Amino acid sequence: MSEIFLCSICNVSNGGCKEDCAYCTQSYKYKTGIEVFRQKPLEEIMKEAEYFADAGALGFCLVSEGRSLTSEKTEYISRAAKAIKEKFNFHLIACCGSADKESLREIKNAGVDTYNHNLETSRDFFPKVCTTHTWNERYETCENAASVGLMLCVGGIMGIGESWKDREELYKAISSLKPFTSPVNFYIPNSALPINNSVMSRNEAIECIKLAKRYLQGTRLMMAGGRETVFGSDQKEIFEAGIDAVIIGGYLNACGGDPKKDVDMIRGYGLEIATVCHQVTLIY
Ligand code: SF4
């Protein structure tokens, strides 16, 4: 029987990012009306960690808006990572933008296991959805993370105007980085964003998952943003197409479902909830 891994997200700094990624509600350029805050207090992070640990998540990801892992952010993420690792048995992920080796080494030493930095789309298509930084900068950050011994979580977003060729190129590039996990996101339409595409059809989304699986045989494929928007409450097909992990409880600025309902749904499909992730074991 297959096991599905549960992962969770904590947005530790939100909104007002100076970059212009056309698919992202965090950019200052688009008036998406999301809450803007910097450096969520540690007590709040710990409360969220407890909630997700109780819900059965093996992974917990500290996500910060912004282009890069600055020295201030490095210090803040390191403090949060140490506190989380002292109390919880999570596989800890950080997602804080472009980063050099020194900062990445520092957060690794503080307890971060994996760095998440998505390539998002193909190198050729990326300039059509972002003009303030390059795809190469993203790729280099992934290389930097791997070089200091961090595991990689590298994925993309579908439905932002890219072609099937772009999707193939994206997955070729991701597979060259050999990530531990790869999140698959589907664009969630938002009238404040410049991308006017509607929700991707279920069939096309399933084909995207199958494509990702073909390129990423040794990687854990994780369904991230857009799971509920595209598939509603009937999600059996995503697991049949190759999804091994899901994010529970919401995606930064888009609501997810009740984690308990997700667990029931997954078990209802005859799948088990994983209790061991890499070195992390859940004790019930
Ligand atoms: S750099 Fe990151 S947070 Fe900022 S707009 Fe782009 S995707 Fe969003």
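Since every read-out is calculated from the coordinates, none of them should be taken as a lab result. Everything numeric here is computed off the predicted structure, so don't read it as measured data. For neighbour counting, all protein chains shown are included, and Cβ atoms are generated from backbone atoms with ideal geometry for every residue, glycine included.
Would you please state the base-10 log of I(q)/I(0) at q = 0.12, 0.16 1/Å for the chain, with intensities from the Debye formula using one equal scatterer on every alpha carbon?
Evaluating at q = 0.12, 0.16 Å⁻¹ gives log10 I(q)/I(0) of -0.70, -1.38.
Would you mind counting up the charge near G15? Only other residues with Cβ under 13 Å from its Cβ, with Lys and Arg at +1 and Asp and Glu at -1. Intermediate values should be presented prior to the final figure.
Numbers: positive: K18, K29, K31, R38, K40; negative: E19, E35, E65.
After counting each charged neighbour, the total is +2.
Among 73-82, 91-100, what's the highest-first ranking by average C-beta atoms within 10 angstrom per residue?
On the way: 73-82: 20.2, 91-100: 23.5.
The packing order, highest mean first, is 91-100, 73-82.
What does segment 145-255 give for Rg and for Dmax, in Å, if only its C-alpha atoms count?
For segment 145-255, the Cα radius of gyration and maximum Cα-Cα distance read 13.8, 40 Å.
Sort out for me the Cα centre separation of segment 132-173 from segment 40-77, rounded to whole Å.
A separation of 22 Å, based on Cα centres.
Kindly provide the helix-only [θ] at 222 nm of the chain, computed as the sum of -39,500 (n - 2.57) over DSSP H runs of four or more divided by all residues, to the nearest 500 deg cm²/dmol?
On the way: 10 runs with 107 residues, N = 284.
Helix contribution divided over all residues of the chain: -11500 deg cm²/dmol.
What Kirkwood hydrodynamic radius do you get for segment 1-135 when you take the inverse of the mean 1/r over all pairs of distinct Cα atoms, in Å?
On the way: mean 1/r = 0.0634 Å⁻¹.
That comes to 15.8 Å for segment 1-135.
When the convex hull of the C-alpha atoms of segment 1-40 is computed, what volume per residue in Å³ does it have?
It comes to 104 Å³ per residue, whole-number rounded.
With r defined as the distance between the Cβ atoms of K47 and K18 and R0 fixed at 45 Å, what FRET efficiency is calculated, to the nearest 0.05? Display every interim value, and only then the final one.
Details: r = 29 Å, r/R0 = 0.65.
About 0.95, to the nearest 0.05.
Could you give me D for segment 22-90, from Stokes-Einstein at 37 °C and 0.692 mPa s, where the hydrodynamic radius is the Kirkwood radius over C-alpha pairs? Units µm² s⁻¹, please.
Details: Rh = 13.7 Å.
My calculation gives 239 µm²/s for D.
Using amide H atoms built 1.01 Å from N in the peptide plane, name the residues 5+ places from I4, or on other chains, whose amide H lies under 5 Å from its own.
E272, I273, A274
Out of the DSSP beta bridges found with both residues in segment 3-281, what percent are antiparallel (nearest 5)?
Values: 4 of 38 bridges.
Around 10 percent antiparallel, to the nearest 5.
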